[in-house]
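Novice: Would you mind keeping the following structure in view while I ask a few things?
The values are calculated or read from the model by the stated rules, or taken from the named source; none is laboratory data. Note that the structure is a prediction, hence the values are computed from the model and not measured. Note: ideal-geometry Cβ built from the backbone for every residue, glycine included; neighbour counts use all protein chains shown. Only protein heavy atoms, including side chains, enter the accessible area calculation; ligands, DNA and RNA are left aside. Shrake-Rupley method; radii C 1.70, N 1.55, O 1.52, S 1.80 Å.
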Amino acid sequence: PVGVKDLIDVSGLPTTAASRFLSNNLAADDAPIVQILRAAGAIILGKTNTQEFAYGVVSAPTRNPWDTARIPGGSSGGSAAAVAAGMCPGALGTDTAGSIRIPASLCGLTGLKPAPGRISLEGIIPLAPSLDACGPIARTAEDCDLFWGAVSGDERSPSLDPSRLRMAVVRSLDEWTEQSPSRARDLSIDPDVVAATDAAAGVLQEAGADVVRVDLPGLKEWDLPRSALLMTEALIVHEDAGWYPARSDVYGGETLAAHRFAEKLTAATLLRSQRKLEGLKAAWRAVVDDVDVLLLPTTPAPAPPVDESKGLDDGHRPPVTRILTRICGPVNVCGYAAATVPARPSQDGLPIGVQFIARTEAAVLGAALSFQSLTDWHLSG
C-alpha cells in the first residue's frame, strides 16, 4: 500500500496540485510511474497533500506527526506525514529543490531523490522541469531500496562496506552556510544539525570509511542564481499552461508572489545566473567525482513551528522556504542522486536528516544502507 503525491496522475482521482482551480482536474489515466507501481503489485491508497504546485515547504494544513505544532516539510509533506504516521509504508514524492528529502528529514524518514531521467515525469505536474525528479519516501533505507527497485527495475543496492568507502564532508558547516548579508532573516545552521552531521560522519569513519574534508562554494553563492532558474522555469510552465496570468486571482499567495517576482527578473540577471551556476556545478563535480559519496545535512534546522512558517521575505517567499531548501537545492542543479536518512535527533527529540550525494542511486542507497546497519536512529518514533 502506497500514497501518491497530488501532482501525480492516478486514474479516476483528481490531480489538484493543492490548487483551487484544479479541484475538478480528474485524471483519465495513471502516470507511467503509477502504472509501474500497480504492475509491481502496489495498492494505491490515495493522494497525499502537497504545497500549491509544489512551490514551497509547508504543505498546509498537513502537520508533522512528531509534533503537530510543526510543519512536515514540503512539498511532499503529505507523503512524508502519511509514512511517519504509519498510514502506509511508502509514498511517492517529487523533488525540485529538496521536496522529497526535506519532508523525509523533518519527519524522521528515508527519502530518495533520483538522478535526472531515471523516472518518467509524464503525468506529473511540473514545477521546474530541468530540476524535477520523482522518487520514494519510506521508513528505512531498506524499504526505500525495495521501493526504488520496484519503480526503476534496478537490482537491490548492496550495502557499501564502510572500510572501502571514500566520503567527503564539508570542512566547516558554519562557514559554508553563512547567510547572505542582504538577508534580514538568519540563515545559519542549527548547532544540533552540525552535531548530528559530525556524529554521522564519525560513525562511518569509526567503521573504517576514509573521510575527506573538503571546501565547497558557500551556499549564499547559490541563492540567487538557483532561485532565478527555478522561478523562471516555473513561470514558463504556468504561462504555457494558460494558468498565469489569466487566473491570477485563484492562486495562493506564495505561488502568485513568486510568479510576479520572476516576471521582474531581467535577461542580464538570468544570463549572469546561468554563468554562475556553471562555475558552481564545476566546483561540486571536482569534489563528488573524487569520492564515493558526499555527506551533507539535509536541512539547516529541524522542523520549524507552523506559526514561524508564515509571512514573506523580500516580498515573494517565506523565510522558511529559503532556509529549508538551501542545502538540497544545489543537488538538483548538479543533477546528482541523493538519499536522506535519519541522524542523531535534536536536543528536543526532533528528527534531523543527513543526505548522501553521488552520481547514482546505487551509491547513495548503498551508503544509506551501510549507515543504517551501524545506527538505530531510523528505528525511533
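Novice: Please report the net charge: other residues with Cβ closer than 13 Å to the Cβ of Ala246, K and R +1, D and E -1. Walk me through the numbers on the way to the answer.
Specialist: Values: positive: Arg247; negative: Glu239, Asp240, Asp249.
Local net charge: -2.
Novice: How much length is gained if the chain between Ala199 and Asn25 is pulled fully straight, taking 0.36 nm per residue apart and subtracting their Cα-Cα distance, in nm to one decimal?
Specialist: My answer for the length gained is 58.0 nm.
Novice: Also, I was wondering about something else. Distance between the C-alpha centers of the stretch 1-35 and the stretch 45-116? Whole Å please.
Specialist: 16 Å
Novice: Continuing with this model, one more query. On the protein heavy atoms, probe 1.4 angstrom, tell me the percent of accessible surface of the stretch 21-152 carried by carbon and sulfur.
Specialist: 54 percent
Novice: Another question, if that's okay. Separation between the Arg275 and Ser373 pseudo-spin-labels, each 7 Å from Cα along Cα→Cβ, expressed in nm?
Specialist: 4.8 nm
Novice: What's the ranking of 334-343, 53-62, 299-308 by average number of surrounding C-beta atoms within 10 Å, highest first?
Specialist: So the peptides 334-343, 53-62, 299-308, ranked by packing, come out 334-343, 53-62, 299-308.
Novice: So if we plug the beta-carbon distance of Asp290 and Glu175 into 1/(1 + (r/R0)^6) with R0 = 30 Å, what FRET efficiency do we get, rounded to 0.05? Please report the intermediate quantities before stating the final value.
Specialist: Values: r = 21 Å, r/R0 = 0.70.
Step by step, r from the Cβ atoms, then E = 0.90.
Novice: While we're here: Quick check: pseudo-label points 7 Å beyond the Cα along Cα→Cβ at Ala282 and Val250, how many nm apart are they?
Specialist: Here the answer is 4.5 nm between the modelled labels.
Novice: Right, another one. Which whole DSSP H helices in the chain pass both tests: a Cα extent of 24 Å or more along the axis and a mean Kyte-Doolittle value no lower than -0.5? List each step's numbers first, then the result.
Specialist: Numbers: long enough: 219-240 (31 Å, 0.00); 267-288 (31 Å, 0.07).
Passing helices, by number: 219-240, 267-288.
Novice: Could you sort 272-282, 138-148, 95-105, 222-232 so that the peptide with the highest average Cβ count within 10 Å comes first and the rest follow in order?
Specialist: Top to bottom by mean Cβ count within 10 Å: 95-105, 138-148, 222-232, 272-282.
Novice: So, by mean Cβ neighbours within 10 angstrom, what's the order for 367-378, 240-251 with the highest one leading?
Specialist: So the peptides 367-378, 240-251, ranked by packing, come out 367-378, 240-251.
Novice: Same structure, new question: Rounded to the nearest whole Å², what accessible area per residue is found for the stretch 129-261 with the 1.4 Å probe? All intermediate terms of the calculation are to be shown ahead of the outcome.
Specialist: Working: 5940 Å² over 133 residues.
Result: 45 Å² per residue.
Novice: State, in angstrom, two size descriptors of the stretch 52-177 derived from its alpha carbons: Rg to one decimal place and Dmax to the nearest whole number.
Specialist: 15.3, 45
Novice: Based solely on its DSSP helices, what 222 nm [θ] is calculated for the chain when runs of n ≥ 4 H residues each add -39,500 (n - 2.57) and the sum is averaged over all residues, nearest 500 deg cm²/dmol?
Specialist: Computed ellipticity for the chain at 222 nm equals -11000 deg cm²/dmol.
Novice: Over the alpha carbons of the stretch 178-304, what is the largest minus smallest coordinate on each principal axis, giving the biggest first in Å?
Specialist: Sorted largest first, the three principal extents are 58, 33, 30 Å.
Novice: Further question on the same structure: With a 1.4 Å probe and all protein chains left in place, how much of the accessible area of the stretch 289-381 comes from carbon and sulfur atoms, in whole percent?
Specialist: Details: 1350 of 2860 Å².
After summing per-atom areas, the C and S share lands at 47 percent.
Novice: Next question, about the same structure. Counting DSSP beta bridges in the chain, what percent are antiparallel, to the nearest 5? Mind showing how you got there, number by number?
Specialist: On the way: 26 of 41 bridges.
Roughly 65 percent of the DSSP beta bridges within the chain come out antiparallel.
Novice: Need the full-extension length gain, Val211 to Thr360, defined as separation in residues times 0.36 nm minus the C-alpha distance. One decimal, nm.
Specialist: Between Val211 and Thr360, full extension yields an extra 51.7 nm.
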